[in-house]
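**Student:** Structure incoming, see below.
Throughout, read-outs are computed from the coordinates displayed, never taken from laboratory work. Note that this is a predicted model, so its numbers are computed, not measured. With ideal geometry, Cβ positions are generated from the backbone for all residues, glycine too; neighbour counts draw on all protein chains shown.
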Amino acid sequence: MRISVVAEIKPQEARVGMTPAGAADLVRRGHDLTVEAGAGVKAGHPDEEYVTAGARIATREEAWSSAELLVKVKEPIESEYRFLRDDLTLFTYLHLAADRPLTEALLRAGTLAIAYETVQDETGLPLLTPMSEIAGRLAAHAAAHHLTREGGGPGRLLGGSPGVAPCRVLVIGGGVVGTQAALLAMGMQADVTVLDMSPSRIRQLHAQFAGRARVLMSDTATVEEELALADVVIGAVLVPGRAAPKVVTREQLRILSPGALLIDVAIDQGGAFETSHPTTYESPIFEVDGIRHYCVANMPGAVPQTATKALTNATLPYVRRLAEGVEAAIGSDPALALGVNTREGAIVHRGVAEAFPDLPSRDRSPV
């Protein structure tokens, strides 16, 4: 199969869809791999490494146009919509429920679009998990930095100091992102509370944290009680394929203390806070009603070497299957089938269809 890897052009995005090692694996299996010139440079992989792996280096137009299967990291942005077509399979993060323009572009083009974030097996979300782990850890890093004076905050150390209380970190959502954010915040000696709505997950986290963090059932009263105490609130909620639920309203911002910081890790899925909108690493913070919001939409892009390797480790087995035949792979692998979001001009994932009920859809997804 003709497989292409293209450079990411979203602002401050330095990851690449495949490492040279992954490229070499596909070439050894007899596939034709094309990599856009410079695609891996910011992730520490110059073109020469891909050439050594057996890949062909090409222009952006050549990489897109020659591909039967195109592997990316982030969703296409508007300038890339012209490359979409009906004989292309696109394999990348899409987050369509929060992106109507891209959804419409995929439908117009008739592209078969498979989203990393909705591939789902018995373990959970295997292609989202590595980036969620990284994003959760980066959320704790962001909290520590943006509480400092240098980071535009009130000048507090996340973990406090002997005789000085640590900051209180509220994590809403106890999945992969929330767990990793909590673990790192605890490691920095913060006072951590995690809220979740699943009794079984609460029990798991209670055992995992072994008393080092409070783990509470999430309900309106508890959210408001904890907001009043929090110095940092990390939004870490996820419903696969659907827009993120809003767990903090604008009205609830008044509960927060001056100097509090909201970090919305769910921003790629539309955001967990009513007042969120996407930001970039170049300008990560904005204020609403005096409360600072950090809503960087591609957080793992800040650590492209780590993130690219972690992503390739997860995606390569699926790329191998798709390269042997897209329809056969989708038909034989229920997890991969759940990743299909659009095909033949229609939405085929229930969560995306529910986000855009006026767009053409054929529900083939049980999710």
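**Student:** Find the centroid of the Cα atoms in segment 13-53 and in segment 159-217, then give the distance between the two in whole Å.
**Tutor:** Their Cα centres are 38 Å away from one another.
**Student:** Let me ask another. Which percent, nearest 5, of DSSP beta bridges in the chain are antiparallel? Could you put the intermediate results ahead of the total?
**Tutor:** Values: 10 of 50 bridges.
Here the share of antiparallel DSSP bridges comes out near 20 percent.
**Student:** Using per-residue counts of other Cβ atoms within 10 Å, averaged over each peptide, order 316-324, 277-285 from highest down.
**Tutor:** Ranked from most to least packed, the peptides come out as 316-324, 277-285.
**Student:** If I take R0 = 22 Å and measure r between the Cβ atoms of residue 239 and residue 306 in this structure, what FRET efficiency does the formula 1/(1 + (r/R0)^6) give, to the nearest 0.05?
**Tutor:** It comes to 0.25.
**Student:** May I ask you to compute the full-extension gain from residue 198 to residue 86, defined as 0.36 nm times their residue separation minus their alpha-carbon distance, rounded to one decimal in nm?
**Tutor:** 36.2 nm
**Student:** What is the total of Lys pairs in the chain with C-alpha atoms under 17 Å apart, excluding same-chain pairs fewer than 8 positions apart?
**Tutor:** Value for the chain: 8.
**Student:** With springs only between Cα atoms under 10 Å apart, run a GNM on the chain and tell me which of 271, 241, 54 wobbles the most.
**Tutor:** Top of the fluctuation ranking is 54.
**Student:** Using 10 Å bins from zero, what percent of all Cα-Cα pairs in segment 129-301 falls into each bin?
**Tutor:** 11, 44, 38, 7, 0
**Student:** How many nm is it between the label spots at residue 250 and residue 224, if each spot is 7 Å from the Cα in line with the beta carbon?
**Tutor:** Result: 1.9 nm between the two label points.
**Student:** Under unit Cβ charges (Lys, Arg +1; Asp, Glu -1), what dipole magnitude, rounded to 20 debye, does the chain have relative to its Cα centre? Let's see the in-between values first.
**Tutor:** Values: 34 positive and 44 negative charges, 117 e Å.
The calculated dipole for the chain is roughly 560 debye.
**Student:** Restricting to DSSP H runs of at least four residues, report the calculated mean residue ellipticity at 222 nm for the chain, -39500 (n - 2.57) per run over all residues, nearest 500 deg cm²/dmol.
**Tutor:** Only helices count here, giving -9500 deg cm²/dmol.
**Student:** Multiply the residue gap between residue 344 and residue 41 by 0.36 nm, knock off their C-alpha separation, and tell me the result in nm, one decimal place. All intermediate terms of the calculation are to be shown ahead of the outcome.
**Tutor:** On the way: separation 303, 0.36 × 303 = 109.08 nm, distance 3.45 nm.
Here the answer is 105.6 nm.
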